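Derivation of every value follows stated rules applied to the coordinates shown; laboratory data play no part. Keep in mind it's a predicted model, so treat the numbers as computed, not measured. All Cβ positions, glycine included, derive from the backbone under ideal geometry; neighbour counts span all protein chains shown.
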Amino acid sequence: MSVRKFIKSLSKTARQGAEAPDFYKEYALLFEESGPQKEDLLMDLTYAVIDTEATGLDHDVDEIVSFGGVVLRDFTISIEESISIYFAGRNVTDRKALEIHGLLPNEENAEEELTGLKKILQFVGNKILVGHFLGFDIRMINTLLAKYQCPPLKNIVMDTSEFAKRLDFPLRNYQFAVHKQYTLDALCARFGVIPKARHTAAGDAYITAILFQKLLYEFRNKGILYFKDINK
């Protein structure tokens, strides 16, 4: 499917939101509650820090192999609310993907696709989504949602790579940013985060949560304290 056709399909499913499956409607109802307020401290908000691993690197044809997430609430990582999902029936043939995450099909305790998708929505709820190069993860989840006639995710999103650039380039002249300096590995080295269980969805989500804590500290030191400040 081309990018243009994919965007059109997402627009169509958005229009069909009232016809979405019940599990999506339950998720969507959460956003009728009040979300983050302008005066909320960034450190006091609740975040779902997520990561996905896929069969390959092409959003249009590849599928999610695994999903991992941890909750960051009141600046504390809630391990008991962590999640790790492996999807059944995936065929990982992309050499680059195998080099990155090493995941093969038939993982133990794998979930059927629809069951895994429902668990993802239950986990993220109406929390703020955080991830590293988060656009990839959001695109993969939205592609899966569209497969089941669901509109895209509704969550506010924050990307740790963009947050790190914001620290370095307050005027947002990101054209001077060098991509390799903002990879997860590079930022872990820079901020002293030990990259345990790297290239697993659950491991990367946990690492990203620690990195996000460090970035919030840096933001605080620069006077960026409140939710309203992130778009200044």
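Can you work out the FRET efficiency for the pair residue 175 and residue 133, with r the C-beta to C-beta distance and R0 = 22 Å, to the nearest 0.05?
0.80
Length available on full extension from residue 190 to residue 221: 0.36 nm per residue minus the Cα-Cα distance, which gives 9.5 nm. Label separation (residue 167 vs residue 119): 3.3 nm, computed from points 7 Å beyond Cα along the C-beta direction.
Here the Karplus relation 6.51 cos²θ - 1.76 cosθ + 1.60, evaluated at θ = phi - 60°, turns the backbone of segment 35-51 into coupling constants of x, x, 9, 4, 8, 5, 6, 4, 6, 9, 7, 9, 10, 10, 8, 10, 7 Hz, with x for every Gly and Pro. Peptides 171-182, 27-38 ranked from most to least packed, by the mean per-residue count of other Cβ atoms within 10 Å: 27-38, 171-182.
Evaluate E = 1/(1 + (r/R0)^6) for residue 228 and residue 112, where r is the Cβ-Cβ distance and R0 equals 30 Å; express this FRET efficiency to the nearest 0.05. With a Förster radius of 30 Å, E is 0.10.
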